[in-house]
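Here is the structure we will look at, set down as structure tokens.
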Amino acid sequence: MYSNILTEIDAGVGIITLNRPERHNAFDDALIGELSTAIDQMAAHPAVRVLVISSTGKSFCAGADLNWMKRAAAYTTEENLRDSRALAEMLRKLAQCPKPTIARVQGPAYGGGVGLVACCDVAIATFDVQFSLTEVKLGIIPAVISPHVIAAMGERYARRYMLTAERFSAAEAYRIGLLHEMVADDVALDDAVGEVVDALMNNGPGAMAECKALVSAVASRPLSPEVLEDTAQRITRLRASEEGREGMTAFLEKRRPNWIVGV
């Protein structure tokens with residue numbers, strides 16, 4: 001079905017793997033389209049509880065494909081706008097996916113690859129990974145990825161790394177908030193991703209979707225009466241839900257809730 005990615009579902013985990021190692025998993029219009037479709041399918045699939053974004057080869061994602069950029073140089077304004085909107089929509093789908101998302105970063109992430117990492121709820125990489133927001137070196141800007149990158153690392157660090165286009169290490173990415181965890185090698189990377197997956201699989205699927213929506217609704221907003229009322233309405237709705245009742249009952253009865261596999 002796909003030419004540029006691999007997909008699989010295993011024990012509740014959906015995995016989308018960028019599979020253009022010869023092009024360092026760089027974006028082009030075909031890859032963006034396939035990612036967008038696969039994210040939709042994983043989001044809607046009832047068997048998927050967690051979504052992992054990974055890559056084959058030496059690089060996680062090298063940003064925009066050079067051949068695509070060459071083609072784009074001859075595009076009309078309308079054609080360039082179409083491609084930009086497609087990338088923006090794919091990243092939005094990933095950022096707003098109702099399932100928890102994990103970036104498994106095994107190699108360098110540049111430009112749009114940083115945006116892909118920033119869109120995920122959890123990001124884990126090996127110590128040797130490097131990052132860079134390279135766009136200004138090409139006379140352009142990281143416009144489409146900017147909402148996600150700024151949300152991940154904050155405005156202050158985004159200013160530096162978007163303006164300088166410096167490469168920065170996994171340790172720096174961890175320090176500024178782009179990464180949640182660093183590990184020694186690919187084996188440890190799989191173990192770390194597995195630990196996060198295990199933690200997520202213990203939680204109510206509906207509650208996690210609502211929790212993601214809650215963070216988006218509350219982030220960067222002042223503590224106004226409207227925000228207080230919104231949060232009160234949200235918890236009231238969840239307490240009355242079937243999943244909420246099951247979770248509270250299971251806790252009081254000292255048993256596992258029914259969404260945990262094997263119950």
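The values are calculated or read from the model by the stated rules, or taken from the named source; none is laboratory data. Computed from a predicted structure; not experimentally measured. FYI the Cβ positions are ideal-geometry reconstructions off the backbone, even for glycines, and counts take in every protein chain you see.
Annotations
- Identity of the residue in the range 118-165, within 15 Å of the chain's Cα centre (by Cα) and of a type in the set (Gly, Ala, Ser), that ends up surrounded by the most Cβ atoms within 10 Å (Cβ to Cβ): ALA125
- Test: LEU35 is under 15 Å from GLY113 (Cα atoms) and either touching a Leu at 6+ places or on another chain (Cβ under 9 Å) or part of a helix (DSSP H, G or I) (or both): yes
- The residues of the range 38-58 that are touching a Leu at 6+ places or on another chain (Cβ under 9 Å) and either under 20 Å from ALA209 (Cβ atoms) or part of a loop (DSSP other than H, G, I, E, B) (or both), listed by number, are ILE39, MET42, ALA43, ARG49, VAL50, LEU51, ILE53, THR56, GLY57.
- Search result, residues across the range 91-117 that are farther than 19 Å from ASP29 by Cβ, among the small types (Gly, Ala, Ser) and buried (at least 24 other Cβ atoms within 10 Å of the Cβ): ALA103, ALA109
- Among the residues making up the range 134-183, those that are touching a strand residue (DSSP E or B) at 6+ places or on another chain (Cβ under 7 Å) and hydrophobic (A, V, I, L, M, F, W, C) are ALA165, PHE168, ALA170, ALA171, ALA173, LEU178, LEU179, MET182, VAL183.
- Across the range 236-259, the number of residues qualifying as surrounded by 12 or more Cβ atoms within 10 Å (Cβ to Cβ) and either of a type in the set (A, V, I, L, M, F, W, C) or closer than 15 Å to MET208 by Cβ (or both) comes to 10.
- Of the helices (runs of 4 or more DSSP H) lying entirely inside the range 170-263, those carrying at least 1 residues that are farther than 26 Å from ALA125 by Cβ, not assigned by TED's automatic domain parsing to the domain that holds THR101 and not hydrophobic (A, V, I, L, M, F, W, C) are 205-218, 225-239, 242-252.
- Among the residues making up the range 218-250, those that are small (Gly, Ala, Ser) and either modelled with pLDDT of 95 or more or over 18 Å from the mean Cα position of the chain (by Cα) (or both) are SER220, SER224, ALA232, ALA240, SER241, GLY244, GLY247, ALA250.
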